[in-house]
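I have placed the structure first, in the form of structure tokens, so that the comments after it can refer back to it.
None of the figures in this text is laboratory data; all of them are computed from the coordinates on show. These numbers come from a predicted model, not from an experiment. Neighbour counts run over all protein chains shown; Cβ positions are idealised from the backbone, glycine included.
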Amino acid sequence: MKTAVLAVLTLAAALAGCAAPGLGEPQADVSAAPRAAPPTDVLAPFSGIDRLDPKGPWATWIFHPTKKPTRFSSVKVDGVRVVEALSEQSISGLRHRVDVDPGERPILEWRWRVDRVLETANIRERHGDDSPVRVVLAFEGDVSSLPIKEQMFFERVKLLGGQDMPYATLMYVWCNASETEVVTPNAHTSRVQKIVVESGAQGVGQWRSYRRDIVADYERAFGRKPGRLVAVGVMSDTDNTKLSARGWYGDIRLLSRAE
């Protein structure tokens, strides 16, 4: 990928290092008719999936037709079903469409594990924007309210990848170079923001668990409250650094503050 962004560009251009078109097509009209309350289980648990289905609920997510895709599979680790991602100079992900009010389910919980860090990766650099594991959130909003430069970028992404890019994409990443809690924009668009939740080699080979307030994180990254959450994804990419890495994703949950 020319940069995780290109992949993202294409997939959503901003989703990967990016924003992510295709992660969830945004709706310009955020004042549409009210929606029903989300079901109790918003995201299908990886622990309950014996075999991944390319068409869902965790559908295959390709960023660019010319890029080698990362291989995702359902495996058992310590007796529990998880998703394994084998990235070999590749980039792709899995995406799960949702329709959630972040105010009702502001807490995101997940766990992941990696077998190595990418020594030459740096999410702040266009040609080093790789991560062995990422959790990606796509939000809807009014694209027409964005600066013309951003709107033109959205149009370019759609022309390249054939899919709309989400109004805003928030990514949680493991970075080798940046300190934790650093917020970094995508090299191509401010509509994709990355938050480092794990840094360096500490924790490699171990399961790492996280609990994030996505409303607070969105406000920190974008300076305003989020629109509806329209998709959740996982992504593993090593196409820029030309390295290989293996990662594992456990269940991802969207919860109320009381849970």
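Details
- Under the simplified labelling scheme, the E125-R224 pair shows an inter-label distance of 3.4 nm, with each label point 7 Å from Cα along Cα→Cβ.
- The loop-placed GluC sites (Glu not before Pro) in the stretch 172-215, going by DSSP, that have at most 13 neighbouring Cβ atoms within 10 Å of their Cβ come out as E179, E181.
- Sequence ranges 121-134, 85-98, ranked by mean other-Cβ count within 10 angstrom, highest first: 121-134, 85-98
- From phi via Karplus (6.51, -1.76, 1.60), per-residue ³J(HN,Hα) for the stretch 102-112 in Hz, x at Gly/Pro: x, x, 7, 10, x, 9, 10, 10, 6, 9, 8
- Percent of beta bridges antiparallel (DSSP, the stretch 145-224, rounded to nearest 5): 30
- 22 Å tail of the calculated P(r), the stretch 135-212, as % of Cα pairs: 35
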